[in-house]
Each structure stands twice: as C-alpha cells, then as structure tokens.
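Below: the structure, in structure tokens.
The values are calculated or read from the model by the stated rules, or taken from the named source; none is laboratory data. Quick caveat, the model's predicted, so the values are computed rather than measured. Every residue, glycine as well, gets a Cβ built from its backbone with ideal geometry; the counts of neighbours run over all protein chains shown. Note: areas computed on protein heavy atoms with side chains; ligands, DNA, RNA excluded. Shrake-Rupley method; radii C 1.70, N 1.55, O 1.52, S 1.80 Å.
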Amino acid sequence: MTTPSATRRPPAARRLLRGRADTALRRRIDAGVRPAPAVTEARTPRPLGDPLLRVEDVTVRFGGVTANDSVSLVVPRGCVTALIGPNGAGKTTMFNVVSGAITPAAGTILFEDRDITRSSVSDRARRGLARTFQNLELVDTATVLDNVLLGTTQYVRWGFLRAMAPVPGVFQADERLREVAVRAIGLCDLGPYTRELAGNLPYGKRRHVELARALAAGPRLLLLDEPSAGMDAEETAELGHLIVRIVDRLGVSVLVVEHDMSFVRPFADYVHVLNQGRLLRSGLPADVLVDPEVRRIYLGTLGAGHA
Ligand SMILES: Nc1ncnc2c1ncn2[C@@H]1O[C@H](COP(=O)(O)OP(=O)(O)OP(=O)(O)O)[C@@H](O)[C@H]1O
Ligand SMILES: [Mg+2]
C-alpha cells in the first residue's frame, strides 16, 4: 500500500508540482495586490475572454431520463460563468461531465481547444481543471494545512485517507508545496485556522478550506458545485467575495453551478440556464436573469423578491 507522500510521488506529479503549482500559481498569488472589489448588485461584468471550455452537443441519459439533451455552452476565460436552473434541470450532470465523473453518450468537451471528453479526472486535473464537491469532502481529523496540501497532489485516494485517521504527519510535503498551500490558505482568509483541525471549523470556513485545496492544485478553471448550499446569508456573502477575489487576483476562471439565482446575480459575468436537460438561455446576467421565460421557470422555486 502506498501513501501519497512527496517522497513516493510519481515523476509526472513531481514535474507538475514543480512546474505549474510551484511557479505559475505562486506568480499569480504574488501578483494579487489589488483589494477585493465589493460584491454589489451594480457591479460591471468583467469582459468575457476567449472560450476556455467548450461543451458541444452533450447528451447524457440515465435509463429513460435525458439529463442533458444536446447541450452546448462556453466558459469564457478570466471571469465567473454561472450554470443555473431549477431542480432536476441537469446542472450537476453537466458539472460531472465537465469534471470527468460522467462520460456523455454523445458530444464533445474541449478545454483550451483540446478534446477532453474521454480524459480521466486526474488527466483533467493535470490540465488545470479543479473541482469542489456539493457535499464537503474534507478530512476532518487533519489540519487545515494538511487538507489544503492534499490539493497539491493529484493522487489522493479519499477512502484510503479517511481510513488513515488521524492524518497529521502522513504528508512529508516539501517546502515548496507547503508554501503554495499556505498562500492559498491566506487568500481564502484561513490564516488563523492553519493548524486547526478542519472538523473544528464552522461550516462556512470549511467551504473556504475546500476552495483553498482546489486552488492549491493551480487550476485554470475552478468548478464549483452549489458552493452556497447550507450557508447562512453572511457566509454566502463572504463566499461570493472570495470567488470574486480568486478570479480577479489569480486570473482563475470559475464555473459555478447554482440553484440559487440570487447568489449568482451579484458576481456572475456570464450565465447559462438549463431547464429539463436543455439549454434555455445563455448571455449576460443583466439580460438572462430578467428574461421572462427564465423568471417563469424559477417562479416555483424562488420568492417574488428573488426572481
Ligand atoms: N445517477 C442518476 N441516475 C438516474 N437519474 C439521474 C441520475 N443523476 C441525475 N438523474 C436525473 O437526471 C435529471 C437531472 O439531474 P441533475 O442532478 O443533473 O439536476 P440538477 O439540475 O443538478 O438538480 P438539483 O438542482 O436538484 O441539484 C433529473 O431528472 C435526475 O433525477
Ligand atoms: Mg444538482
């Protein structure tokens, strides 16, 4: 049985960590000197970059259910793209297709113009796709630092790690990885919790740990699945600020899958709306979120004050 320690890490991972995580991410974190802008309703959307990710005609079926029905969408570089829709619209299915957990029955996924439709999850991670989970996947018995250090390796076996509790001491991470992790922790406002066990943190901060861990992998595209789920209003606002900061300071592009339109509205630059497996609308939030058809499909799930 092997452990994901730095000393046993395969050469490919070592190259990755020495390369992208150690230099590119650090450079971007170092460059992050601008204060985080306030997340307000009046914010001007960032200019949309060229397509970082392209989903073309993707279809996913579960038995008789077509969860994604010939869906095409793009995620522009350098901004926040939101994928929204009511319950059962196919958002999580699309998220899983992009992250590699599901292979579609038809269609193509292009990341930086490379076809990754059949690439493994770890392959996608190496190319710069990092994801968080709808349900928190932290090692509660490990410190915040150890949890974030896990992001610097592409060889995590969660079941194995959970069985290893308590985890501290398992990771003989070298100083470079530690530095990357500490910077990601700082960026996510977790500095005071660095040595705290993840299980002792309040829920909102635990979500930040998950984000820091994803950032420690040096992603170009960060995939967030329902990041505000289970949060109170204050935690939700704090998370919104953090997502904005990640995009503006690190130049990381974000695709956020959300049910809650009111969470997405203040900081999304581009929006796709799914409904019953099909793409209903795509465009700027100012246009899409006031679209009568979009408002109609949301009426059953949002109060009048939200829609
Ligand atoms: N593993 C599965 N097996 C069978 N049906 C599934 C599976 N996953 C999703 N579905 C079905 O596919 C459709 C889309 O589900 P999906 O979870 O992608 O929607 P969603 O937009 O994420 O919804 P929610 O807002 O409730 O999270 C639904 O009808 C769902 O019941
Ligand atoms: Mg879902």
Please work out the FRET efficiency for the pair D69 and E137, using the Cβ-Cβ distance as r and a Förster radius of 25 Å; give the result to the nearest 0.05. 0.30
Give the carbon-plus-sulfur fraction of the accessible surface of segment 172-274 in %, rounded to a whole number; probe 1.4 Å, heavy atoms of protein chains only. 48
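Based on the alpha-carbon gyration tensor of segment 204-307, what equivalent-ellipsoid semi-axes (square roots of 5 times the eigenvalues) come out, in whole Å, largest first? Kindly include the intermediate steps, with their values, before the conclusion.
Working: eigenvalues 125, 50, 28 Å².
After diagonalising the Cα gyration tensor, the semi-axes are 25, 16, 12 Å.
What are the equivalent ellipsoid semi-axes of segment 242-299, built from the alpha-carbon gyration tensor (square roots of five times its eigenvalues), in whole angstrom, biggest first? Please report the intermediate quantities before stating the final value.
Details: eigenvalues 105, 25, 20 Å².
They are 23, 11, 10 Å, listed largest first.
Mind checking Rg over Rh on segment 43-123, alpha carbons, Kirkwood formula for Rh? Working shown, then result.
Values: Rg = 13.2 Å, Rh = 13.3 Å.
Rounded to two decimals, Rg over Rh is 0.99.
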Express the relative contact order of segment 194-277 as a whole percentage, based on alpha carbon pairs under 8 Å and six or more residues apart in sequence. 31
For T194 and V290 in one chain, what is 0.36 nm times their gap in residues minus the Cα-Cα distance, to one decimal in nm? 30.4 nm
Can you work out the accessible area per residue across segment 176-307, with the rest of the protein chains kept in place, probe 1.4 Å, in square angstrom? 36
